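The structure appears below as structure tokens.
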Amino acid sequence: MTHSREDLSQAMQGPDLGALLARIADALERLAPPQAARADFIAADAFVWHADGQYLEPVPRVSRVEMDLLKGIDRTRDQLLDNTLRFARGLPANNALLWGARGMGKSSLVKAAHASVNTAMAAEGKPPLKLVEIHREDIETLPALMGLMRPAPFRFVVFCDDLSFDADDTSYKSLKAVLEGGIEGRPDNVIFYATSNRRHLLAREMVENERSTAINPGEAVEEKVSLSDRFGLWLGFHKCSQDDYLAMVVAYAAHFAIPLDTDTMRREALEWSTTRGARSGRTAWQYVQDVAGRLGVSLSEPPAAPR
């Protein structure tokens, strides 16, 4: 059966034409690449990157610890603060890896340094430094995030908490390329801070497996360990001493005006840490929460537990 040009013209003018065109338009939209992400960097000084929708969510109030409450890390505190301040002022600075014991204030220090630097920027009449958090599982989308920040008239600290890589995880290559090795490299207005329990970001068994199965073990291990070399500033956090732990407890108690004598507080705090088998800033904060609850003291605006 053949159709004349007149028959086809009549079919195209039928009642189903609108629905057909709508379906075609929907199909073309699904095939088209997603629109470039946009962000209102004026909306806040801190953002969270959502990789699924390729957008930055403003964080109006950052959960953070006051710098003065971070005890036992004076040297690392000064190093990170100086590095961040230099970067905010447009001077050379390094990517930073904060590694070591849990609960000793790694991520708390990053957020506290960001707040302190912005206080300095405001006093100097300069634009604020922006803090952008990216989740570990979204590392592969770093190039898209960097592309979004590159043309912006601000400086950014991109922060990834608890960064590490396990066997068969190749997303570390995206991080390596963005930090130093890519064609475009890291934008001049972006610096990368990460916290990790591992100095080399890789599980020990992952490195050992590479060494035992590779034709050239040295080169195989170097490929993975070299990721840490992209961080010019390594800041180690070690388990705190008893004196540092007690200093943390006393500082928290003084900050919230908890009415408990120092001797009793020290005795209880030591017993608290013994039952948990650890001394850290997080343990100190958990004890303070307990004693405040027992004494009926409201912690209306508590600092976040150190991490």
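Tabulated results
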{"quantity": "Selection status of residue 78, exposed (fewer than 13 other Cβ atoms within 10 Å of the Cβ), free of Cβ contacts under 8 Å to residues at least 24 places away in the same chain and part of a helix (DSSP H, G or I)", "calculated": "yes"}
{"quantity": "Candidate set: region 98-118, residues that are over 13 Å from the mean Cα position of the chain (by Cα) and under 18 Å from residue 189 (Cβ atoms); chosen: the one surrounded by the most Cβ atoms within 10 Å (Cβ to Cβ)", "calculated": "113"}
{"quantity": "Filtered residue count, region 44-73, keeping only those that are at negative phi, part of a loop (DSSP other than H, G, I, E, B) and open to solvent by 50 Å² or more (accessible area, probe 1.4 Å)", "calculated": "8"}
{"quantity": "Inter-residue pairs, beta-carbon under 7 Å, first in contact (Cβ under 8 Å) with a residue 24 or more places away in the chain and closer than 11 Å to residue 252 by Cβ and in region 269-296, second surrounded by 11 or more Cβ atoms within 10 Å (Cβ to Cβ) and among the aromatic types (Phe, Trp, Tyr), 6+ apart", "calculated": "269/287; 284/245; 284/252; 285/252; 287/272; 288/252; 292/256"}
{"quantity": "Of residues in region 82-94 being touching a strand residue (DSSP E or B) at 6+ places or on another chain (Cβ under 8 Å) and crowded, with 21+ Cβ neighbours inside 10 Å, the one farthest from residue 190 (Cα to Cα)", "calculated": "83"}
{"quantity": "Region 82-117, residues that are in a helix (DSSP H, G or I) and touching a Gly at 6+ places or on another chain (Cβ under 8 Å)", "calculated": "106, 108"}
{"quantity": "Hey, residue 121 in contact (Cβ under 8 Å) with a residue 12 or more places away in the chain, in a loop (DSSP other than H, G, I, E, B) and open to solvent by less than 20 Å² (accessible area, probe 1.4 Å) or not", "calculated": "no"}
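The values are calculated or read from the model by the stated rules, or taken from the named source; none is laboratory data. Please read these numbers as outputs of a predicted model, since none were measured by experiment. Methodologically, a virtual Cβ is constructed for each residue, glycine included, from the backbone with ideal geometry; neighbour enumeration extends over all protein chains shown. Just the protein is used for accessible areas: all its heavy atoms, side chains included, with ligands, DNA and RNA removed. Shrake-Rupley method; radii C 1.70, N 1.55, O 1.52, S 1.80 Å.
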